[in-house]
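Okay, structure first, notes after.
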Amino acid sequence: LSLLVRPQVDTIRLPQLTLAIAVATAEALVEYCALPVRLKWPNDVEIHGKKVAGILSEAVLGTCVSPVVIIGIGINVNTTLEHLPPELHQRVTSLALASGHLWPRLPLMAVLLAHLERLYQVFQQGDMPPILQRWLHYGPIIGRQVRFTYESRAGTGTVVGLDVDGALLVQHPDGM
């Protein structure tokens, strides 16, 4: 599914939109199929530790008009193992593989669009704390060890939260 939106927000806030879309996708999948959905920062959706969906948002910025954001959401609905290369069998799933039966796509799309519309409005209003809380509900990342690159330096640290802009807050082992 691809959508084109024109958010009426400062361009500095555009990265937050990906988190809102991730939450909308997770909530739609939970409502639709009741499978144990998790988010992987910032834009992957997983079931049982395997990727079931991915989100890509790309902004087109101009000097005269508000930004245009192309939102792409790919959900593996009825994909079978035969549709996947063998090297992906342990890392990728679908709703059908996770549940053992096929799913109609149109009702899923209707549920997804309803969640996207609701969370897009919340994003437009600038009310990010509820979105970030919901993201953390589906993406239990606090306390995890991660590798990062900051100003061309690589390191490891512990995730301590999400910043208001949606960036990971990571504490370096030396406390920084």
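The values are calculated or read from the model by the stated rules, or taken from the named source; none is laboratory data. Owing to the predicted nature of the structure, the values given are computational and were not obtained by experimental measurement. For neighbour counting, all protein chains shown are included, and Cβ atoms are generated from backbone atoms with ideal geometry for every residue, glycine included. Remember, those area values only see protein heavy atoms, side chains included, never the ligands or the DNA or RNA. Shrake-Rupley method; radii C 1.70, N 1.55, O 1.52, S 1.80 Å.
Across region 35-87, what is the total count of residues that are acidic (Asp, Glu) and either farther than 24 Å from residue 106 by Cα or touching a Pro at 6+ places or on another chain (Cβ under 8 Å) (or both)?
Number of matching residues: 2.
Could you give every pair whose Cβ atoms fall below 7 Å, whose first residue belongs to region 147-171 and is under 13 Å from residue 42 (Cβ atoms) and modelled with pLDDT under 90, and whose second residue is open to solvent by 70 Å² or more (accessible area, probe 1.4 Å) and not hydrophobic (A, V, I, L, M, F, W, C), counting only separations of at least 6 or pairs across chains?
If the second residue must be open to solvent by 70 Å² or more (accessible area, probe 1.4 Å) and not hydrophobic (A, V, I, L, M, F, W, C), the pairs left are 165/15; 166/15.
Within region 82-96, track down each residue that is free of Cβ contacts under 8 Å to residues at least 24 places away in the same chain and either closer than 21 Å to residue 39 by Cα or exposed (fewer than 14 other Cβ atoms within 10 Å of the Cβ) (or both).
82, 83, 85, 86, 87, 88, 89, 96
Residues in region 68-77: is at least one among the small types (Gly, Ala, Ser), under 18 Å from residue 37 (Cβ atoms) and surrounded by fewer than 17 Cβ atoms within 10 Å (Cβ to Cβ)?
yes
So which of 27, 46 ends up being over 22 Å from residue 91 (Cβ atoms), at pLDDT 95 or above and within 15 Å of the chain's Cα centre (by Cα)?
27
Of the residues in region 1-52, how many are part of a strand (DSSP E or B) and over 18 Å from residue 79 (Cβ atoms)?
Residues flagged as part of a strand (DSSP E or B) and over 18 Å from residue 79 (Cβ atoms) within region 1-52 amount to 7.
Considering only residues that are out of contact with any helix residue (DSSP H, G or I) (no Cβ under 8 Å at 6 or more places or on another chain) and open to solvent by less than 60 Å² (accessible area, probe 1.4 Å), which ones fall in region 113-138?
Of everything in region 113-138, those that are out of contact with any helix residue (DSSP H, G or I) (no Cβ under 8 Å at 6 or more places or on another chain) and open to solvent by less than 60 Å² (accessible area, probe 1.4 Å) turn out to be 124, 136.
Grab the strands (runs of 3 or more DSSP E) fully contained in region 61-176, keeping just those with 3 or more residues being among the small types (Gly, Ala, Ser).
Ranges flagged: 153-162.
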